[in-house]
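The values are calculated or read from the model by the stated rules, or taken from the named source; none is laboratory data. Not measured: the values here are computed from a predicted model. Cβ placement follows ideal geometry from the backbone for every residue including glycine, while neighbour counts extend to all protein chains displayed.
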């Protein structure tokens, strides 16, 4: 505001100076023009031989007609009849038709006077016409304008400063409300929402955007807390089993089947290892880091599916019958197929089928089983981390609730989608990936 007011004051001062200068210049030109016109009128009277004495002129004007010897031949009513208006050297230096300023007290005027010289008469009897006009009115009008501007400009600047102060205060009041709201949110004295002004301006849009950001931050913190709690719960279960078995074995060493105990402990350690690996993979994915150690390369999706399915007995693999080239991370895609086959094997009634195929510009992997399936209302929820359903499909001993979450994240990183459907009975999991070289640049993964 201070900068604006200072700039406004400087602009007004510059404008006032220009106005005063322009008015003075215009009035000087007007006086020069009027004085010259009066001299030309007197010259015509002299040339016509009709000059009267005294010469009729308007008030505030003095006229003298002098000869070569400086004698006054004719004057106006208020002019001196003996002494010329200009000194002889001034008359000689002044060009014909030009004017000059002289002190007004020399001819009885207040302030200054403007004198114009003009030659008249025949060559045998040359005469000089001198016309003097007072410039006191000009000086007074310019002075009056200057005083008026000196009085009005501070008032105008003060009024504009007050108006600008109120306008800026009204404009910044919503910003101050946002600041106060942010301070209350930081202090924990209010909910995580900022006040939204009623005006549909930039501040309103800023408040809406900040509230959306706070909502996303709150949702992210809630997900993080839930994730940490679920991870702690999942980690605690195998640790509790291991501790219980070890405490029993410590109290009953003679009755303990140590080979069976080692097998149980090894199974729990493997479960812990898988859970830690899954958590690390998801954490890296959240940070935008490549999910697996190997880089991006061109692979055959059908061959990758077949090699992954060899680890599982009694799985039907439907060959694609053609190469299915794909640009992606082999380890990540193998992890996707393995997670789907793990789920299908745990929940099948008798069989599991896996196939890879091409459809237009997409490649697909489909895994089906004849197990209990997943209700349609829960098919989106099962992709959330540590999600457990109430039916028997989710109450298995080997799952941690992270398998499908990892599948969706890795497929998303490859620019694809995952859908769940009915296999009548059972579950069909379909993965669609961009074919060929149209996959996204994995060396620069995007954050979620």
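Here 65, 57, 5 are screened, and the one residue that is touching a helix residue (DSSP H, G or I) at 6+ places or on another chain (Cβ under 8 Å), more than 21 Å from residue 138 (Cα to Cα) and outside any helix (DSSP H, G or I) is 65. State all residues of the stretch 346-355 that are buried (at least 18 other Cβ atoms within 10 Å of the Cβ) and at pLDDT below 90; if no residue qualifies, say none. Once the filter is applied, which keeps residues that are buried (at least 18 other Cβ atoms within 10 Å of the Cβ) and at pLDDT below 90, the stretch 346-355 yields 347, 348. Restricting 12, 36 to residues that are outside any loop (DSSP other than H, G, I, E, B) and either within 60 Å of the chain's Cα centre (by Cα) or exposed (fewer than 14 other Cβ atoms within 10 Å of the Cβ) (or both) narrows the list to 12.
Going through (1) outside any helix (DSSP H, G or I); (2) loosely packed, with under 12 Cβ neighbours inside 10 Å; (3) modelled with pLDDT of 80 or more one by one, residue 196 falls short only on (2). The helices (runs of 4 or more DSSP H) found entirely in the stretch 248-362 that carry 2 or more residues being over 28 Å from residue 421 (Cα atoms) and outside the structural domain of residue 407 (by TED's automatic domain parsing) are 258-286. Just one of the numbered conditions (1) surrounded by 12 or more Cβ atoms within 10 Å (Cβ to Cβ); (2) in contact (Cβ under 8 Å) with a residue 12 or more places away in the chain is not true of residue 125: (1).
Every test in (1) over 30 Å from residue 182 (Cα atoms); (2) at pLDDT 80 or above; (3) surrounded by fewer than 13 Cβ atoms within 10 Å (Cβ to Cβ) is passed by residue 215 save one, and that test is (1).
Can you name every residue in the stretch 86-117 that is on the phi > 0 side of the Ramachandran plot and in contact with a helix residue (DSSP H, G or I) (Cβ under 9 Å, 6 or more places away or on another chain)? Correct list: 97, 111. Inspect the stretch 97-114 for any residue being within 19 Å of residue 34 (Cβ to Cβ), assigned by TED's automatic domain parsing to the domain that holds residue 72, free of Cβ contacts under 8 Å to residues at least 24 places away in the same chain and assigned to a loop (DSSP other than H, G, I, E, B) and give the result as yes or no. Yes; the residues of the stretch 97-114 include at least one that is within 19 Å of residue 34 (Cβ to Cβ), assigned by TED's automatic domain parsing to the domain that holds residue 72, free of Cβ contacts under 8 Å to residues at least 24 places away in the same chain and assigned to a loop (DSSP other than H, G, I, E, B). For beta carbons closer than 6 Å, sequence separation of 6+ or different chains, a first residue in the stretch 264-276 that is under 13 Å from residue 237 (Cα atoms) and a second that is outside any helix (DSSP H, G or I), the qualifying pairs are 275/400.
A single member of 102, 156, 151 is over 14 Å from residue 62 (Cα atoms), surrounded by 13 or more Cβ atoms within 10 Å (Cβ to Cβ) and at pLDDT 85 or above, and it is 156. Take residue 236 and decide whether it is within 60 Å of the chain's Cα centre (by Cα), in a helix (DSSP H, G or I) and surrounded by 15 or more Cβ atoms within 10 Å (Cβ to Cβ). Considered against the rule, which asks whether it is within 60 Å of the chain's Cα centre (by Cα), in a helix (DSSP H, G or I) and surrounded by 15 or more Cβ atoms within 10 Å (Cβ to Cβ), residue 236 comes out as no. Within the set 332, 338, the sole residue that is at pLDDT below 90, within 21 Å of residue 282 (Cβ to Cβ) and surrounded by 20 or more Cβ atoms within 10 Å (Cβ to Cβ) turns out to be 332.
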